[in-house]
Amino acid sequence: MRYLLTCTRCSSKYPKSYNSQLCRCGGILEVRYKKVKLPEKGEEFWDFEGALPDGKYLKYELGGTKLIEAMEKGLYLKLETGNPTCSFKDRGSAIEVAKAAEYGYREVVCASTGNMAYSIAYYARLYNLHAKVFISKGANRDKLANILSTHRAELMIVNGDFTKAQALAELYAEKHAAFLAGDYCYRKEGQKTVCHEILAKLPEVKNIIVPVGNATLISGVFKALAEAKTAGRIRSLPYIIGVQSTRCMPLVRAFRRGKGIKYEKPATKADAIAVGYPTFGEQAIDAISKTKGSMVSVSDSEMAAEQLRFMEDYGLVAELAGVASLAAFKKFKPRGTTVAIISGGNV
Ligand SMILES: [Zn+2]
């Protein structure tokens, strides 16, 4: 779809030829379409092109991940582990890295706790771009080894957490004319397709439970809900339930307090949601408020127990953050048809 970019901070507008994901004021941009076209029967990622920025894409296999009935009545699991690099991140990278290539960049740079690096390195290779990744010190070493051995990405280990890695990636992009990738506007567009796929199969869903790190996924889910409502595909918005770890829950605290987000040093073992100051935090709180949903937390040990049960019950592998949604379902037992997004399986 044809689109414009608008700044969420100063409201400046940019045409699609604007080759950055940040406004000149430093604010994050948002993709705005005139009209979104949803397919009659969308099953996988590229079926939803009418809800994505127009661009020059290599349409590799993506999305169309399984939605299975869980052991618990009324619960469905959206298995994002079925994407090329085993996490939901691929949906965003498919758009974002394609844009970098379209704008003529030779290099993409991003910050990561692990999954983002894996996904961006994979797509950079498909598009023949060099990938440079700033990784937080506590990142998962297994993921790092995988990236190095498979995708030739250049890794910079940062003596700090994700928030510091992100600041360094932004600085690098500015200094070296590299395309800044990560949790920004184009990623959000790709990631919202997970929700469009869910709604295509379960338009009557009452709750969607989403693990929350940098909050791009949860704000993408809300954007998809709004698009589906405008297109008349759903009558009312399901509740969005965001999940963080009790050892890194800046959005849970902000939601409870009813005011601003404060940085919190991540101490969780669930590396994929170890983000102390989420980029899309305010959008996430807004999404939850508008759907009358909630922000909840689960402990690392609850996730670890769920990870084991997930393997025993389904014979499948998920990472700690990946089953945060399942742990939250069992702990809070929301009423009505519920989808838990199993966000990743890189262990
Ligand atoms: Zn701005």
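Could you look through region 1-28, keep only residues that are more than 8 Å from the ligand (Cβ to nearest atom) and not in a loop (DSSP other than H, G, I, E, B), and pick out the one that is nearest to the chain's Cα centre (by Cα)? Explain how you work it out, then say what you get.
To start, the set of residues in region 1-28 that are more than 8 Å from the ligand (Cβ to nearest atom) comprises 1-6, 13-22, 28.
Still in the running and not in a loop (DSSP other than H, G, I, E, B): 3-6, 13-14, 22, 28.
Numbers: Y3: 21, L4: 21, L5: 19, T6: 20, K13: 24, Y14: 24, L22: 18, I28: 15 Å.
So the residue we want is I28.
If I ask for residues that are charged (D, E, K, R) and either in contact with a Cys (Cβ under 6 Å, 6 or more places away or on another chain) or over 18 Å from K188 (Cβ atoms) (or both), which ones from region 86-132 would you list? If you could, list the steps in order and put the result at the bottom.
Step one: filter region 86-132 for residues charged (D, E, K, R), giving 89-91, 96, 99, 102, 106-107, 125, 132.
Selection gives R106, E107, R125, K132.
Within region 37-46, identify whether any single residue is buried (at least 18 other Cβ atoms within 10 Å of the Cβ) and within 16 Å of the ligand (Cβ to nearest atom), and answer yes or no.
No, every residue in region 37-46 fails to be buried (at least 18 other Cβ atoms within 10 Å of the Cβ) and within 16 Å of the ligand (Cβ to nearest atom).
Taking only pairs six or more apart or across chains, which ones have beta-carbon atoms under 8 Å, a first residue in region 19-36 that is more than 14 Å from F280 (Cα to Cα) and of a type in the set (D, E, K, R), and a second residue that is within 8 Å of the ligand (Cβ to nearest atom) and modelled with pLDDT of 95 or more?
R24/S12
Going residue by residue through region 156-177, is there one that turns out to be closer than 19 Å to V97 by Cβ, of a type in the set (A, V, I, L, M, F, W, C), in contact (Cβ under 8 Å) with a residue 40 or more places away in the chain and surrounded by fewer than 16 Cβ atoms within 10 Å (Cβ to Cβ)?
There is at least one residue in region 156-177 that is closer than 19 Å to V97 by Cβ, of a type in the set (A, V, I, L, M, F, W, C), in contact (Cβ under 8 Å) with a residue 40 or more places away in the chain and surrounded by fewer than 16 Cβ atoms within 10 Å (Cβ to Cβ).
With respect to L67, is the statement that it is farther than 20 Å from L22 by Cα and of a type outside the set (D, E, K, R) true? First the steps, then the outcome.
Working: farther than 20 Å from L22 by Cα: yes; of a type outside the set (D, E, K, R): yes.
Judged against the criteria, L67 is a match.
Taking into account only those residues within region 297-347 that are basic (K, R) and not in a helix (DSSP H, G or I), which is nearest to A254 (Cα to Cα)? Lay out the reasoning, then the answer.
First, pick out the residues of region 297-347 that are basic (K, R): 309, 330-331, 333, 335.
From the residues that got through so far, the ones that are not in a helix (DSSP H, G or I) too are 333, 335.
On the way: K333: 22, R335: 24 Å.
The extreme case among them is K333.
Hey, which of the helices (runs of 4 or more DSSP H) in region 54-170, taking only ones fully inside, have at least 3 residues that are more than 17 Å from the chain's Cα centre (by Cα) and either of a type in the set (D, E) or within 23 Å of L217 (Cα to Cα) (or both)?
On the way: elements: 89-102, 115-126, 141-151.
Answer list for region 54-170: 89-102, 141-151.
Looking only at region 243-282, which residues are in contact with a Phe, Trp or Tyr (Cβ under 7 Å, 6 or more places away or on another chain) and either of a type in the set (D, E) or part of a helix (DSSP H, G or I) (or both)?
Matches in region 243-282: P250 only.
I'm checking my understanding of the structure. Among residues of region 1-26 that are among the polar types (S, T, N, Q) and more than 20 Å from L52 (Cβ to Cβ), which one is surrounded by the most Cβ atoms within 10 Å (Cβ to Cβ)?
Here the residue is S12.
Kindly provide the set of residues from region 258-278 that are of a type outside the set (A, V, I, L, M), within 18 Å of V298 (Cα to Cα) and without any contact (Cβ under 8 Å) to a residue 60 or more places away in the chain, ordered by number.
Within region 258-278, E264, T268, K269 meet the criteria.
Could you give every pair whose Cβ atoms fall below 6 Å, whose first residue belongs to region 1-18 and is free of Cβ contacts under 8 Å to residues at least 12 places away in the same chain, and whose second residue is more than 10 Å from the ligand (Cβ to nearest atom), counting only separations of at least 6 or pairs across chains?
Every condition considered, the pairs that remain are K13/L4.
The values are calculated or read from the model by the stated rules, or taken from the named source; none is laboratory data. This is a predicted model, so every value here is computed, not measured. Neighbour counts run over all protein chains shown; Cβ positions are idealised from the backbone, glycine included.
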